Amino acid sequence: MLGPVFTMLLLTLVLEIYLFIEVGGAIGAGWTLLFVFATAFWGMSRMRSQGMSVLAEAQAAQKQGRPPLAAVGHGVLIILGGLLLVLPGFFTDSLGLLLMLRWTRLLVLESVLAMLMPHLMRGFQARQAGQMKPGPHAAANSEVDGPGVDGPDIIEGDFRVEDEDR
């Protein structure tokens, strides 16, 4: 796990140095530094304003009784985009700018969910089929619940509330 992350960071660093040299040679060192500082300040301000709008979106979802999962996903990507804009470099600024756009965040969230869902579903299906390893209390519960049952007693049923006036 550490090898690919280190390789990505190293490649990003090399790309950033290359872009600094190329852009600095084309527009000058002063303009290059001004651009780097301007994107950092712009990134902080956008992160704050978009973060507040996502917070309002999450609160509205909670008031309606819906889980604010989409707002949380957008919030994480906004923070990541803001951090990428604060880091000095043209490549990271480009990635940060893309994450500040809502349609790009939707695309990233859909892609991440598409990659994670098969793994989550396999784990869920394995647990439902009883293929998961028993928990630490399986031996203690086996006498009470029967063989192979691990967890608390669950009683399923239906109920209805009737008026007292009847």
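The values are calculated or read from the model by the stated rules, or taken from the named source; none is laboratory data. All values derive from a computational prediction rather than experimental measurement. Note: ideal-geometry Cβ built from the backbone for every residue, glycine included; neighbour counts use all protein chains shown.
Looking at Gly3, is it over 30 Å from the mean Cα position of the chain (by Cα), exposed (fewer than 10 other Cβ atoms within 10 Å of the Cβ) and either part of a helix (DSSP H, G or I) or among the acidic types (Asp, Glu) (or both)? Here the answer is no, as Gly3 does not meet what is asked. The residue of region 28-55 that is surrounded by the fewest Cβ atoms within 10 Å (Cβ to Cβ), among those that are under 30 Å from Ala71 (Cα atoms) and β-branched (Val, Ile, Thr), is Val36. Selection within region 84-99: residues that are under 16 Å from the mean Cα position of the chain (by Cα) and in contact (Cβ under 8 Å) with a residue 40 or more places away in the chain. The member of this set that is surrounded by the fewest Cβ atoms within 10 Å (Cβ to Cβ) is Leu84.
Exactly one residue out of Leu109, Leu98 is at pLDDT below 90 and either farther than 15 Å from Ser53 by Cα or of a type in the set (D, E, K, R) (or both): that is Leu109. Within region 5-29, residues that are in contact (Cβ under 8 Å) with a residue 40 or more places away in the chain sit with their Cβ atoms under 9 Å from residues that are among the aliphatic types (A, V, I, L, M), at 6+ positions apart or across chains, in these pairs: Glu16/Leu87; Phe20/Val36. Restricting region 100-111 to residues that are more than 13 Å from Trp42 (Cβ to Cβ) and of a type in the set (A, V, I, L, M, F, W, C) leaves a set whose member that is surrounded by the fewest Cβ atoms within 10 Å (Cβ to Cβ) is Trp103. Note on region 61-81: residues that are surrounded by 14 or more Cβ atoms within 10 Å (Cβ to Cβ) and over 14 Å from the mean Cα position of the chain (by Cα) total 1. Taking Pro88 and the conditions (1) modelled with pLDDT under 75; (2) not in a helix (DSSP H, G or I), which numbered condition does it fall short on, given that it satisfies the others? For Pro88, the exception is condition (1).
When Ala114 is tested against (1) surrounded by fewer than 18 Cβ atoms within 10 Å (Cβ to Cβ); (2) under 19 Å from Met52 (Cβ atoms); (3) of a type in the set (A, V, I, L, M, F, W, C), only condition (2) is not met. The residue of region 9-49 that is farthest from Met100 (Cα to Cα), among those that are charged (D, E, K, R) and modelled with pLDDT under 90, is Arg48.
If we keep just the residues of region 9-34 that are touching a Phe, Trp or Tyr at 6+ places or on another chain (Cβ under 8 Å) and of a type in the set (Ser, Thr, Tyr), which is farthest from Leu84 (Cα to Cα)? The extreme case among them is Thr32.
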